[in-house]
1. From B:Arg390, B:Arg420, which residue is over 20 Å from A:Leu115 (Cβ atoms), assigned to a helix (DSSP H, G or I), within 10 Å of another protein chain (Cβ to nearest Cβ) and among the charged types (D, E, K, R)?
2. Regarding region A:101-115, can at least one residue be identified that is part of a strand (DSSP E or B) and more than 14 Å from every other protein chain (Cβ to nearest Cβ)?
3. Of the conditions (1) open to solvent by less than 10 Å² (accessible area, probe 1.4 Å); (2) assigned to a helix (DSSP H, G or I), B:Ser263 satisfies every one except a single condition; which number is it?
4. Please work out if A:Gly410 is small (Gly, Ala, Ser) and open to solvent by less than 10 Å² (accessible area, probe 1.4 Å).
5. Condition first: open to solvent by less than 10 Å² (accessible area, probe 1.4 Å) and either within 14 Å of chain B (Cβ to nearest Cβ) or among the charged types (D, E, K, R) (or both). Now tell me which residues in region A:66-87 satisfy that.
6. Within region B:199-218, take every residue that is assigned to a helix (DSSP H, G or I) and in contact with a strand residue (DSSP E or B) (Cβ under 7 Å, 6 or more places away or on another chain) and give me the one that is farthest from B:Gln261 (Cα to Cα).
7. Go through (1) touching a residue at least 24 places away in the same chain (Cβ under 8 Å); (2) closer than 27 Å to B:Leu146 by Cβ; (3) open to solvent by 20 Å² or more (accessible area, probe 1.4 Å) one by one and return the number of the condition A:Gly426 breaks.
8. Could you check, for region A:328-345, whether at least one of its residues is surrounded by fewer than 21 Cβ atoms within 10 Å (Cβ to Cβ), assigned to a loop (DSSP other than H, G, I, E, B) and within 11 Å of chain B (Cβ to nearest Cβ)?
Number of protein chains: 2
Amino acid sequence: MRVLMTYVLFYTTKLKFQQCSTSFLTETYQTLPTFFWAFKNRICGDFLFFWFCSRADFRIFNHINVLMEFKLHNTDPGSKARAGEITTAHGKIQTPIFMPVGTAATVKGVHQRDLKTEINPDIILGNTYHLYLRPGTDILQQAGGLHKFMGWDRPLLTDSGGYQVYSLSANRKIKEAGVKFKSHIDGSYHVFTPENAIDIQRQIGADIIMAFDECTPYPCDYKYAKRSMHMTHRWLDRCIAQDKASPFLYDYEQTFFPIVQGSTYKGLRRQSAEFIASRGAEGNAIGGLSVGEPADEMYAMTEVVCEILPEDKPRYLMGVGTPINILENIALGVDMFDCVLPSRNARNGMLYTAHGSINIKNKKWENDFSVIDPDGHTFVDTEYSKAYLRHLFSVNELLGKQIATIHNLGFYLALVRQAREKIMAGEFAAWKNKMVQQMNKRL
Amino acid sequence: MRVLMTYVLFYTTKLKFQQCSTSFLTETYQTLPTFFWAFKNRICGDFLFFWFCSRADFRIFNHINVLMEFKLHNTDPGSKARAGEITTAHGKIQTPIFMPVGTAATVKGVHQRDLKTEINPDIILGNTYHLYLRPGTDILQQAGGLHKFMGWDRPLLTDSGGYQVYSLSANRKIKEAGVKFKSHIDGSYHVFTPENAIDIQRQIGADIIMAFDECTPYPCDYKYAKRSMHMTHRWLDRCIAQDKASPFLYDYEQTFFPIVQGSTYKGLRRQSAEFIASRGAEGNAIGGLSVGEPADEMYAMTEVVCEILPEDKPRYLMGVGTPINILENIALGVDMFDCVLPSRNARNGMLYTAHGSINIKNKKWENDFSVIDPDGHTFVDTEYSKAYLRHLFSVNELLGKQIATIHNLGFYLALVRQAREKIMAGEFAAWKNKMVQQMNKRL
């Protein structure tokens, strides 16, 4: 029995060595001398032996269990909308999902516990560019990763920094090797490469990490779009190589998603989607959209790409969008979204509801003492009135931003949850059309 | 029986007419014709009659029940510290109490439900000057008062606007009739008088309202302090006359507190305290302190005044102070406090703890992953780390201010609650000395 267990223990440990976090391995192997001494002297005997074996084994089996997995639960008969479930080391993600943006390790203005209990997203997003600059990967690594640092125990996704670097336009230089950019904080120079974008994301420790890509602007001439797309593809292979070569830093898997580019050219999008699909990643993303192009062009690109990206892997449309954009893209087969819109607009007093949007700063709400949203899904919707929220905005009070953010994110998450229900019931297409019409109003 | 009940009904109604809210009386009397018609025609007979009587009576008895009341529960043997209980229409206030400041109908950065469940003050404060300018008394009255407007169902206190007007220094002119001032928002001119300060506070509808006074600066020459004190006394009598002459607007009592002035002159303070005491108010306040004078001068003034103000009424020291100031003044016989310090300093990254204060922006907390305050009393204290909070301040995130505010106010409220326990147990003096020493550190 002992011989067998010892064999199992060392065999599985060796098997998973490359993928195991160094901290787990260090911990486990640090206990070895104590174990062997006790074993040799028959102290605590079987108890100690079984404890050690089970500890090591459970850790390894946990590890194997939490390799990202995607299950398709249903596809809508009237559209390409899909309901699925992603499993990660930090929990399950029901799709379609909207990921609130937690740029600098916080969803602005929202306590983690309200985020969890009121807004209730299965996953949130952090920005590599911002986290790399502050608090920096050194602090994040000392904390044991972003989850522990910010006190968020559900799944996390980090972008690669590519989009932020693209936004710096005047302060960055894109070359084949990587991107040199100037920090918006102190003007210091930094370089992002496909390789260090992976390394940094290892240190941040999100469950899903993204390829380093170039996000082209809109409009973008064909020649530039094509050249950039090919570079993004070459960068992808460098990312994949780095991802394979570098062990995880914490005791859970990280899943890598490549990104389709190609601007608004169907031919390039097709080519890119095929290239990306050929790499066989656990999930795939569509980048370079929601950068100013008309919604119809966005939908056209999503449609082309979703036809090519594998059906049995989640599809993530980056940086999109309005509630209507989200429903339209779900109908085209997208499973994951993120966008600053609901939170940023909330801080400017714009509220999304199922019946249209509200500019709460408008004088018409001044003495409307009805609740913010009678159909709302969070405590703020019924505990505060429109007149009160309008007052908070007119005096520029923090609480106004807090309330509006919880409302908007609560609305977005309820919307994707409802979309999922409709897909499961096979009623998505008709519901989507009704909602799109209904939400396309200003109240 | 009917004759008797009718008699009771109309007698008590008449008796309370002056003090009843107009809205209650209007409501009650609007049902009279219906009642008499039904009574005359014997429709529903006794049921209707008893319903009407009970409705009216209960309202009136409630009304009588909630006249402010103060009960002294214990006095500390080693100091003048008192534990008591104030009863208002919106609930009981255990004293000593610290009132978080909700300037513009919000305790900055704190949701009402967190204020209630985490910080848990029995009463909070609103500022007449700010509420008068925005949202304005018209909106507040339409909402049914500040409680309903902001969604706070516990007691409220409003200052009279005197302090804010004093702070405007360059933009106000003080005359016997009142104060003309320029709004800090749009430069428009307004006038506060003892009379309209009461009227505005009727419209705001706090449970405790304050006299309109002049808050003298520090230092202040004797002549000015004396002249100003006498004007404050004359203003007090005008406030009292207005308070008596004007009915409540909502269906609960408001209690009026006069304010002792006299700068840092013991003689003037004594004179003012005697004048204020002679007016027999339900509670009394000490103003004009915490305006820059050394703590010892503040304590000397509080001591002189507390010796004169009646023991059977609560004493409220306005605008004070640090945790140490609060304990020292409790020891001198003060029951109520308010101050922007815990909330304003929180927004600047300064945290108060039982073992001293923390500047969370300091680099030393950068990789301190221990919880904010292991002895803390709110969820933020154990759900976030010092390193995380420091990061939020370094990137100027809203959540940093939110966390620090809940921590500081939670600490203040826990401190006064503990002070109350110690007074009840007769152990306040020794505990206070220990705490003062302990808190007088920078961590």
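1. Working: B:Arg420 fails: within 10 Å of another protein chain (Cβ to nearest Cβ).
Exactly one residue qualifies, and that residue is B:Arg390.
2. Start the filter on region A:101-115 by keeping residues that are part of a strand (DSSP E or B), which leaves A:101.
Adding the requirement that they be more than 14 Å from every other protein chain (Cβ to nearest Cβ) leaves none.
No, region A:101-115 has no match at all.
3. Failing condition for B:Ser263: (2).
4. Working: small (Gly, Ala, Ser): yes; open to solvent by less than 10 Å² (accessible area, probe 1.4 Å): yes.
Criteria met by A:Gly410.
5. The first filter runs over region A:66-87 and keeps only residues open to solvent by less than 10 Å² (accessible area, probe 1.4 Å), leaving A:76, A:81-84, A:86.
If the condition is that a residue be open to solvent by less than 10 Å² (accessible area, probe 1.4 Å) and either within 14 Å of chain B (Cβ to nearest Cβ) or among the charged types (D, E, K, R) (or both), then A:Asp76, A:Arg82 are the ones that fit.
6. Here is the first cut: in region B:199-218, the ones assigned to a helix (DSSP H, G or I) are B:199-204.
Going one step further and asking which of them are in contact with a strand residue (DSSP E or B) (Cβ under 7 Å, 6 or more places away or on another chain), we end up with B:201, B:204.
Working: B:Gln201: 21, B:Ile204: 25 Å.
If we take residues in region B:199-218 being assigned to a helix (DSSP H, G or I) and in contact with a strand residue (DSSP E or B) (Cβ under 7 Å, 6 or more places away or on another chain), then B:Ile204 is farthest from B:Gln261 (Cα to Cα).
7. Evaluating A:Gly426 over (1) touching a residue at least 24 places away in the same chain (Cβ under 8 Å); (2) closer than 27 Å to B:Leu146 by Cβ; (3) open to solvent by 20 Å² or more (accessible area, probe 1.4 Å) leaves (2) as the failure.
8. Of all residues in region A:328-345, those surrounded by fewer than 21 Cβ atoms within 10 Å (Cβ to Cβ) come to A:340, A:344-345.
From what is left, the residues that are assigned to a loop (DSSP other than H, G, I, E, B) are A:340.
Add one more test, that the residue is within 11 Å of chain B (Cβ to nearest Cβ), and what stays is none.
Checking region A:328-345: not a single residue is surrounded by fewer than 21 Cβ atoms within 10 Å (Cβ to Cβ), assigned to a loop (DSSP other than H, G, I, E, B) and within 11 Å of chain B (Cβ to nearest Cβ).
The values are calculated or read from the model by the stated rules, or taken from the named source; none is laboratory data. If you're wondering where the values come from, they're calculated on a predicted model, not measured in any experiment. Quick reminder, even Gly has a Cβ in these numbers, built from the backbone with ideal geometry, and neighbours come from all protein chains shown. Heavy atoms of the whole protein, side chains included, go into the accessibility calculation; ligands, DNA and RNA do not. Shrake-Rupley method; radii C 1.70, N 1.55, O 1.52, S 1.80 Å.
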